[in-house]
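Student: Mind looking over this structure? Questions follow.
The values are calculated or read from the model by the stated rules, or taken from the named source; none is laboratory data. Quantities reported herein were computed from a predicted structural model and do not represent experimental measurements. Using ideal geometry, Cβ is built from the backbone for each residue, glycine included, and neighbour counts are taken over all protein chains shown. Remember, those area values only see protein heavy atoms, side chains included, never the ligands or the DNA or RNA. Shrake-Rupley method; radii C 1.70, N 1.55, O 1.52, S 1.80 Å.
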Amino acid sequence: DTGVSQNPRHKITKRGQNVTFRCDPISEHNRLYWYRQTLGQGPEFLTYFQNEAQLEKSRLLSDRFSAERPKGSFSTLEIQRTEQGDSAMYLCASSPTRGQGTGEAFFGQGTRLTVV
Amino acid sequence: QKEVEQDPGPLSVPEGAIVSLNCTYSNSAFQYFMWYRQYSRKGPELLMYTYSSGNKEDGRFTAQVDKSSKYISLFIRDSQPSDSATYLCAMTRTKGDTGRRALTFGSGTRLQVQP
C-alpha cells in the first residue's frame, strides 16, 4: 500500500489521558499536514511540516498539542490531558514538492478519537 | 463569516442525473482549488485539482473555476449510486517564501444518488 497510513484507526481514551497518533506519508512526499475534522464540518488545518521542519501551526493547536517529524519521514501528533472537545477525526495528509504553488494533498484514513 | 461557503445539502438525485456542486469564497488570495470526495468514516479522496480559471475535465467529473466571481463548481455526469458521499471543496494560497500550503475546506455537501 503506497498511500498515507495512519495508526491507530480508532482510539478511546479517558479525559485527562495523553494520546499519540502516528502518520506515515507517501514515501516521496516531503510535505506533511495534520488536520482535525468534526462531524458535519470540513477538515481544519492544525500544522504543516516540510521535511523535519514544522513551518506552520494553527491557533487551533493549543499548548496541549505537539507534533513532530524527527527524520522527515513519519510524524506523530500527541495530545496531552485530553478533553471531551478533542473528540474528532485526526487526518494526516502529504503532498509532493512541485514548484511554489501546489496544494494537492493526499489524505490518510484518519484516526478517530473519542474522549470519554 | 467563513472563508469558504458550501451548501451542506443533502442533495438527492436519481441515478443518471447531472449533479452540480458549488462553493463560494471570500479571499482573492486563494489560487489553487481542489475537490475531495469523502465516504462515511473515511479520509478525503482527491478528485480534481485546478489552478486557473476555466474548466478541467476528468472522466465524468468537470471542475470549473471563476476567480472573478470567487465561485467554483464540480459537475458529475451520469451520476451513480457509488457517487453517494460528501464532497468537499478546498483551496490554498501562497504566503511568503515558505508558501502557506494549508488547505481551507468548505463544510462539505452530502450527495445521495438514488438507484
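Student: Quick one: give the max-minus-min coordinate of the C-alpha atoms of the protein assembly as shown along each principal axis, largest first, in Å.
Tutor: Reported extents, whole Å, longest axis first: 48, 41, 39.
Student: Do the alpha carbons of any pairs in A:Lys71/B:Lys42; A:Lys71/B:Lys2; A:Lys14/B:Lys42 sit beyond 26 Å of each other, and which pairs?
Tutor: Table pairs above 26 Å Cα-Cα are A:Lys71/B:Lys42; A:Lys71/B:Lys2.
Student: Moving on to the next point. Please check the range B:40-74 for residues whose accessible area, probe 1.4 Å, is lower by 20 Å² or more when all protein chains are in place than in their chain alone.
Tutor: B:Arg41, B:Lys42, B:Gly43, B:Pro44, B:Leu46, B:Tyr49
Student: So, one more: Would you please give the residues with an amide H less than 5 Å from that of A:Ser87, counting only those at least 5 places away or on a separate chain, with H modeled from the backbone geometry?
Tutor: Amide H neighbours of A:Ser87, under 5 Å, 5+ apart: A:Val115.
Student: For chain B, what is one quarter of the convex hull surface built on the Cα atoms, given in nm²?
Tutor: 7.4
Student: Separate question: Take the Cα atoms of chain A, find their three principal axes, and give me the spread along each one in whole Å, biggest first.
Tutor: Taking the Cα atoms of chain A, the three principal extents are 43, 29, 28 Å.
Student: Oh, and also: Could you work out how far apart the two model spin labels at B:Arg41 and B:Asn27 are, taking each label as a point 7 Å from the Cα in the direction of the beta carbon, and quote it in nm?
Tutor: Roughly 3.3 nm, to one decimal.
Student: To the nearest 100 Å², how much accessible surface do chains A and B cover up together, summed over both, with a 1.4 Å probe?
Tutor: 2000
Student: Averaged over A:34-43, how many beta carbons belonging to a partner chain fall within 10 Å of each residue's beta carbon?
Tutor: If you average over the peptide's residues, the count of other-chain Cβ atoms is 5.
Student: Could you tell me the calculated FRET efficiency between A:Phe74 and A:Val116, based on Cβ-Cβ distance and R0 = 25 angstrom, to the nearest 0.05?
Tutor: Efficiency computed from Cβ-Cβ geometry: 0.35.
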